[in-house]
Amino acid sequence: RDIEDLNILQLGSWIVELKIASAEFWEHMEDQNIDLLICPTLPVVAAPHTLLSTKGTPLLSYTYLMNALKCPAGTVPVTEVTQEEQYFNSHISDELAGVANEIMQNSIGMPVGVQVYAAPYRDED
């Protein structure tokens, strides 16, 4: 169900549920003594913004969750794409796989990074 389909009461309830889930998530992280999370920025290399905004929105799914949890984040480049890595090989042939393949073509030297997430309001600790 899309958020656009919610009426104001349903939206308010959804926001409360999201806040409760976020608080529970970070409480669990604190109980486990986890200060930071390191996750992929994207499932592919850095992509042109125009391509992400028109076809690749689902590729941003890693960032959506952490935005919903109100996490401060920073992206750190880890490596660059090599000649052997510039291809997206998948047995799936849907539209998203096509976008990933398009992004990976001629991507030698593009950065591959991770995002580092902290708990809400803990980015300077």
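A few points about this structure:
- Some residue of region 77-97 being hydroxyl-bearing (S, T, Y) and within 30 Å of Y121 (Cβ to Cβ): no
- Count - residues of region 42-82 that are part of a strand (DSSP E or B) and of a type in the set (D, E, K, R): 1
- Matching residues in region 5-56 - criterion: being loosely packed, with under 13 Cβ neighbours inside 10 Å, modelled with pLDDT of 80 or more and closer than 30 Å to Q105 by Cβ: I38
- Qualifying residue in region 24-41 (condition: among the charged types (D, E, K, R) and not in a helix (DSSP H, G or I)): yes
- For region 86-98, residues that are touching a helix residue (DSSP H, G or I) at 6+ places or on another chain (Cβ under 7 Å) and part of a helix (DSSP H, G or I) total 1.
- Residues located in region 103-125, provided they are surrounded by fewer than 17 Cβ atoms within 10 Å (Cβ to Cβ) and not in a strand (DSSP E or B): Q105, N106, I108, G109, P120, Y121, R122, D123, E124, D125
The values are calculated or read from the model by the stated rules, or taken from the named source; none is laboratory data. If you're wondering where the values come from, they're calculated on a predicted model, not measured in any experiment. Counting neighbours? That spans all protein chains shown, and the Cβs are built from the backbone with ideal geometry, glycine included.
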